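Right, one structure below, let's go through it.
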Amino acid sequence: MNQLTIEQIKDKYGILHNPKAPKCRFSVENGWLRLIDKLSSFIEFQIKDLSNEDKDKIYVTQIKNKFGGLRYYLNFPEKDYPDIQYKIDGAIAFAESLSFHICQKCGNEGKQQGWHTLCNNCNIGA
Ligand SMILES: [Zn+2]
């Protein structure tokens, strides 16, 4: 499988490198990058028809691991597009729940072990 790097994902999505927004704090290991790639792709598809001015208000502030699960914090102008926000919120919640079954280090099937989600191989090395 072709593994993307954090830098490649940042370059790929405007919501992750908006020059008018605060820099996104990105602190996860490689296992979840594919999930983050798909989620970011879904979000960008949902906002593709908005004006550039509105797109500038939509950006990711932080992506991290909290208690073994993905946290993906998106700034979104709340009242402006409730129907789009509804879909995006659902996708983020779905991705966050999936992360508890994906090894945070290698991306294979994993399970939550304490504050980490790991496969059996990576758990030995942890
Ligand atoms: Zn693993």
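The values are calculated or read from the model by the stated rules, or taken from the named source; none is laboratory data. On a predicted model such as this, the values are computed, not experimentally measured, just so you know. Cβ placement follows ideal geometry from the backbone for every residue including glycine, while neighbour counts extend to all protein chains displayed.
Remarks
- Conditions (1) surrounded by 13 or more Cβ atoms within 10 Å (Cβ to Cβ); (2) not in a loop (DSSP other than H, G, I, E, B): number failed by Asp83: (1)
- The single condition from (1) surrounded by 14 or more Cβ atoms within 10 Å (Cβ to Cβ); (2) assigned to a loop (DSSP other than H, G, I, E, B) that Glu78 fails is (1).
- Between Gln3, Gln8, the distinction of being polar (S, T, N, Q), farther than 13 Å from Asn65 by Cα and at pLDDT 90 or above belongs to Gln8 only.
- Residue that is nearest to the ligand (Cβ to nearest atom) [pool: residues in the range 86-95 that are farther than 13 Å from Leu35 by Cβ and surrounded by 14 or more Cβ atoms within 10 Å (Cβ to Cβ)]: Ile88
- Scanning the range 96-111 for residues that are surrounded by 15 or more Cβ atoms within 10 Å (Cβ to Cβ), modelled with pLDDT of 95 or more, more than 16 Å from the ligand (Cβ to nearest atom) and assigned to a helix (DSSP H, G or I) turns up at least one hit.
For every residue, the table says whether it meets (1) free of Cβ contacts under 8 Å to residues at least 12 places away in the same chain; (2) under 18 Å from Glu96 (Cβ atoms).
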position: Lys10; (1), (2): no, no
position: Pro19; (1), (2): yes, no
position: Glu29; (1), (2): no, yes
position: Asp37; (1), (2): no, yes
position: Asp49; (1), (2): yes, no
position: Lys57; (1), (2): no, no
position: Asn65; (1), (2): no, yes
position: Pro77; (1), (2): no, no
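- Filtered residues of the range 86-126 (kept if farther than 25 Å from Asn75 by Cα and basic (Lys, Arg)): Lys105, Lys111
- Helices (runs of 4 or more DSSP H) completely within the range 1-61 that count 3 or more residues being surrounded by 12 or more Cβ atoms within 10 Å (Cβ to Cβ) and among the hydrophobic types (A, V, I, L, M, F, W, C): 33-46
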